[in-house]
Every structure is written in C-alpha cells, then in structure tokens.
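Asks: My questions all concern the structure below.
The values are calculated or read from the model by the stated rules, or taken from the named source; none is laboratory data. For clarity, every value in this text was computed on a predicted model and none was experimentally measured. Cβ placement follows ideal geometry from the backbone for every residue including glycine, while neighbour counts extend to all protein chains displayed. For the accessible areas, the whole protein counts, side chains as well, though only heavy atoms, and no ligand, DNA or RNA atoms are used. Shrake-Rupley method; radii C 1.70, N 1.55, O 1.52, S 1.80 Å.
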Amino acid sequence: MDQANTLRELVERSPQGANPLRVIAVTSGKGGVGKTHIVANLAVLAARMGRRVLLLDGDLGLANSDIVLGMTTQYHLGHLLDGTIDAEHVLAEGPHGIRVLGASSGVQELTVLDDAQKLRLLSALDPLDSKFDLVLIDCGAGIGDNVLFFAGAAQEAILVVSPEPTSLTDAYATVKVLSQRAGVDHFQVLVNPMPTEAHGREIFSKLSRVTDRFLQARLSFLGHIPRDENLQRALMAQRPVVDLYPRSPASRALEAICDRLLASRPQAQLQGGLKFLWQRLLRESGGPAAG
C-alpha cells in the first residue's frame, strides 16, 4: 500500500472545526535563553483564556517542560513511539488543564527521529485530532534534525533571543537553516531579557537588518520580557511565574505577549486537526513514507 496516499486520504477526511488547531513552534539559536519557561507560561496563559492546549516537548533527549511546570510524568514520547502507551494515556495533565506530551531525558535514541518514528508519532497523534485548539512545541535549541522537523511542521515559529552577541549569531544561523531547509518563512521574535520594549526592539533591529539583507525569511517583533528575579524564583519553585507571581513584570509582559499572539491571525491556514504534521511528513517524503 502506498502509505503517502493513505496519509493524503486521512488529511482529506480530517474534520474541520469552528476553531481549527493552531500550531506554534518555539525555538532558539542557543540554549539558556529561557525558551522552555516561556513556552510553559504561554501554555498556562492560553489555557486560562479558554484554549484547549497541548504542550509538546520537542527537546527529545533533554526534556524539561514537565520540570518547569512542577509535574511528575509517568510516560513520555518514547513510550508512544514504541507502542507501550497510546496517545490518550501518554498525555499528562498540567496546570489549568493543559496537556503535556513529555519527552524523555537522557535517551540518545530519540535525539534524532528517523522516518519510521516520525510516521509512528503522527499515527499515534491522529486520534487527538479534535481535542485541542492550540499546540505549543518546545523545540530544542539549535538546528538539529528534530528542530527542523517540528519547526517545519508548525504553522508559526517564535524565535527567542537574548541580547548576547552569541545569541544573535546563533539566531541568524537558525533563521537561515530553518528557512532554507524547513520552509519556515516567517519568525516572530521574542527578546529575553530586556529592560524595556525600546531595548528589545533595538536587539530585534540588529537581527532583522542582517536577515533582511541576506535571507528571504521575514521577521516581526513579538515582544520582550523584562529582567525579573521572580522568574528564577518561580523556576526554583517549579511553578509558572504567571501563577506564582501574577503581578510581576515578567508575568505582565507574558500576558501581553499571549494576548497579542492569540489575537493575531495565523501565518498559515491549515484545515482541521493535526493536518499540519501530516502535510509536513508528506512534504518531506515526496512519496511513500517510511514505516
């Protein structure tokens, strides 16, 4: 059987809900810029606004989304891939009802998914088609194969950068590779940490001037998160800062970013459920999928 044709048929049959799933990948050029903490808090804020949220930890092999949220997860993506647990039961429930598909930590075999594993992942997720309005993918840092897969599969990409020169250099490399190899043509840039929006826009301008000159991808400024000692306190307490310190500067900035993000229109429209992943796999395979 031509598996690619089978997947195309599944795509055509996927239901079209009133609120089609929105899929956002969050990535960064280098580690240590607060990406996972940002994703976790955005997931909580979106859930508080009534969205049905799935947080997918795409940092396979070095997962920590559950730690940031103070969760103890019994199962992870590795169990889903080997068929031990189905998708409905592998998802853990986090704060405010968000669901978390955790990744394993320290499992080298998952650091690069092969085509067969990608197909199994997509097949396992298919039953969840109509259960979510928003999927946030916490990609690993850098430009590895899994980052290319998850970022390329999403409708939208958020790029988290810090003001350090190394972060900007790595961010440029990330935009270049994801645009040229994964087809990501637009990035919303989030600067963390920055004292004011003006400072954040200055960092954004430095990056966008270079990308505008040498790359086809477009960048837009999503916002900044101020330096806030409450972020570290929340991290140590394994609680979302927006819950533990809701009036802190970082929490207010994250709320504004979430409001802006959810009020905007997706950059790409995909009809129905998890169609974004099916389309990504078909685009990669160019024919019969491995399986």
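Asks: Using the Cβ atoms and a cut-off under 12 Å, what net charge is assigned to the surroundings of ASP86, where Lys and Arg are +1 and Asp and Glu are -1?
Replies: Numbers: positive: ARG120; negative: ASP82, GLU88, ASP126.
Counting the neighbours of ASP86, the net charge comes to -2.
Asks: When ranked by the protection proxy of mean other Cβ atoms within 10 Å per residue, highest first, what sequence do the peptides 203-212, 153-162 form? The partial results should precede the final answer.
Replies: Details: 203-212: 17.7, 153-162: 24.6.
Highest to lowest by the protection proxy: 153-162, 203-212.
Asks: Return the sequence-ordered ³J(HN,Hα) values of region 21-36 in whole Hz as given by the Karplus equation 6.51 cos²θ - 1.76 cosθ + 1.60 applied to θ = phi - 60°, using x for Gly and Pro.
Replies: My calculation for region 21-36 gives 4, 10, 10, 10, 9, 10, 9, 7, x, 10, x, x, 9, x, 4, 5 Hz in order.
Asks: Gap in Å between the Cα centre of region 185-231 and the Cα centre of region 57-86?
Replies: 30
Asks: With a/c under 1.5 counting as rounded, go ahead and sort region 115-246 into rounded, prolate or oblate using the C-alpha gyration tensor (a ≥ b ≥ c being the square roots of the eigenvalues; past the cut-off, prolate if a/b is larger than b/c, else oblate).
Replies: Details: a/c = 2.17, a/b = 1.16, b/c = 1.87.
Because a/c hits 1.5 or more and a/b fails to exceed b/c, region 115-246 counts as oblate.
Asks: Out of residues 5 or more away from ASP59 or on other chains, whose amide H comes under 5 Å of its own, with H placed 1.01 Å from N in the peptide plane?
Replies: Excluding prolines and chain starts, which carry no amide H, the hits are GLY140.
Asks: Moving to a separate point now. Simple spin-label model, 7 Å along Cα-to-Cβ: ALA237 to VAL112 in nm?
Replies: 4.2
Asks: Next question, about the same structure. Tell me the relative contact order for region 94-219 as a rounded percent, counting alpha carbon contacts under 8 Å between residues six or more apart.
Replies: Values: 106 pairs, mean separation 25.3, N = 126.
In percent, rounded to a whole number, it is 20.
Asks: Obtain the nm distance between the two label points defined at ASN64 and ALA87 by a simple spin-label model: each point lies 7 Å from its Cα along the Cα-to-C-beta direction.
Replies: Between ASN64 and ALA87, the label points sit 2.9 nm apart.
Asks: Over region 146-208, average the accessible area per residue using a 1.4 Å probe and give it in Å², no decimals.
Replies: Working: 2190 Å² over 63 residues.
On a per-residue basis, region 146-208 sits at 35 Å².
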